[in-house]
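Below: the structure, in structure tokens.
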Amino acid sequence: MITKYTCRNGVRIVLEHIPTVRSVAIGVWIGTGSRDETPENNGISHFLEHMFFKGTTTRSAREIAESFDSIGGQVNAFTSKEYTCYYAKVLDTHSQYALDVLADMFFNSTFVEEELNKERNVVLEEIKMYDDTPDDIVHDLLSKAIYENHPLGYPILGTEETLNTFTGEKLKNYIQERYTPEHVVISIAGNVTDSFIQEVEKYFGSYEGVRGEVLENKPLFHSNQISRKKETEQAHLCIGYDGLSVGHDDIYSLILLNNILGGSMSSRLFQEVREQRGLAYSVFSYHSSYQDSGVVTIYGGTGAKQLDVLFETIQETLGKLKADGITEKELKNSKEQLKGSLMLSLESTNSRMSRNGKNELLLKRHRSLDEIIEQIDQVSQQGVNNMANFVFTDQYSVSLVSPDGEFPQNLK
């Protein structure tokens, strides 16, 4: 049972009481990410996420780390294109303590110059590490190809140039503009009762923020080709198609389609590209949903000399999928797989906290497990076939990282 509560300042709290566990997961979700940035401050959401761990008015960076290690808990954070999350998982007896530390990080971080310089270097090393990983870069290049100059095409980590411009004052101004109460959701899941909501409200229920300018920037899908020449052993290829937004009515048809195409070991791409032809060790597809758009991505990594064959095989697989449709067996298996992974994930308090936080932040609604399963079961064979023809058109973007940076010869 999920309890929702909105504080008088607009901060939303969602709590799911799970009496059968001894852990509690607490997440502070902020509806801001790289899509809310500009070319000048790209990467600030991610840098800010790092800096929240670097000391407050009462705790040093070391003391923040020790505060969770000393109780056998976990604390971490992540930044995406549309949101940032700081979260902790602790034993139920330490839930109040964890909330106190998370609130201290949120409200009282100091952003002193010495820590800024150290963490700037840490993030710079993170960017370099990312650049050394071609099967990561190729996905960022695809975002750039699809969204061009729209913020959804920006790298979440930012760049060395933007990183060097971030000061304590800039971070505080960004918090004032973007970490406002209406953008904040506190999600709790585990062995705490609804009375814990009052504890959360004491910390988060009265602060105010200066509401920044809201950018109405719905993205357009573009068909582009971007390649990068890099000394690698493999050619890394991504193909991106226009997808669906996070709350779209037909989202489960697309999720099932993606699963059948490249979401598992029994998927068509895995079986055709890897098992039948031995062209790649890694080949898969996935769907990324944003508030107003989405992308279906197909990835494959192969030897540079086999790139043409890999691209051809992917196109043949898509052509057969569109022409012949999916089988009843594929649909049935995919539904069971999806329901199984959904139910298994809900055995973790972290997963429940995450699911509830994202649902509240992006959709402002929560479906029960039974409602979701009913929606999955309602997806028809024809619905998935229609979706395949709707998504996999001649309008697509391609990104490539390879030794010569040359696209497949048969690319349109």
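List of remarks:
- Average accessible area per residue (Å²) across the range 101-152 - probe 1.4 Å, nucleic acids and ligands excluded: 44
- Degrees, to the nearest 10: 369-378 long Cα axis against longest axis of the chain: 20
- Helical runs assigned H by DSSP (4 residues or longer) give the chain a calculated mean residue ellipticity at 222 nm of -12500 deg cm²/dmol, each run adding -39500 (n - 2.57) before division by the residue total.
- For the range 325-412, Kirkwood radius (reciprocal of mean inverse C-alpha pair distance, Å): 16.7
- Enclosed volume per residue, in Å³, of the convex hull spanned by Cα atoms of the range 42-139: 124
- With Cα atoms as the point set, the range 160-214 shows a radius of gyration and Dmax of 15.6, 47 Å.
- Split the accessible area of the range 167-252 by element, probe 1.4 Å, and carbon with sulfur accounts for 44%.
- Model label zone, residue 1; criterion: amide N under 16 Å from point 7 Å along Cα-to-beta-carbon; scope the range 80-107: none
- Between the helical axis of 251-262 and the longest alpha-carbon principal axis of the chain there is an angle of about 60 degrees.
- Global form of the range 111-262, assessed from the alpha-carbon gyration tensor, a/c cut-off 1.5: oblate
- Taking each residue as 0.36 nm, the span from residue 276 to residue 112 lengthens on full extension beyond its C-alpha to C-alpha distance by 53.4 nm.
- Relative packing of peptides 364-375, 140-151 - highest average C-beta neighbours within 10 Å first: 140-151, 364-375
- Taken about its Cα centre, the chain carries a charge dipole of roughly 640 debye when the Cβ of each Lys and Arg holds +1 and the Cβ of each Asp and Glu holds -1.
- Here the range 235-352 is treated as an ellipsoid with the same Cα gyration tensor; its semi-axes, largest first and in whole Å, are 25, 16, 15.
- Protection-proxy order for peptides 312-324, 288-300, each taking the mean of Cβ atoms within 10 Å per residue, highest first: 288-300, 312-324
- All Cα-Cα separations within the range 10-94 were binned at 5 Å from zero, giving a P(r) of 3, 12, 18, 20, 19, 15, 8, 3, 1, 0, each value a whole percent of the pairs.
- Compared with the dominant Cα axis of the chain, that is its longest principal axis, helix 381-391 is turned about 90°.
- Within the accessible area of the range 57-107 (1.4 Å probe), percent carbon and sulfur: 50
- Average Cα contact separation per residue, the chain, under 8 Å, 6 or more apart, as relative contact order %: 23
The values are calculated or read from the model by the stated rules, or taken from the named source; none is laboratory data. From a predicted model like this one, the values you see are computed outputs, not experimental measurements. When we count neighbours, we look across all protein chains shown, and the Cβ atoms used for this are built from the backbone with ideal geometry, even at glycine. Protein only, heavy atoms only, side chains kept; ligands, DNA and RNA dropped before computing areas. Shrake-Rupley method; radii C 1.70, N 1.55, O 1.52, S 1.80 Å.
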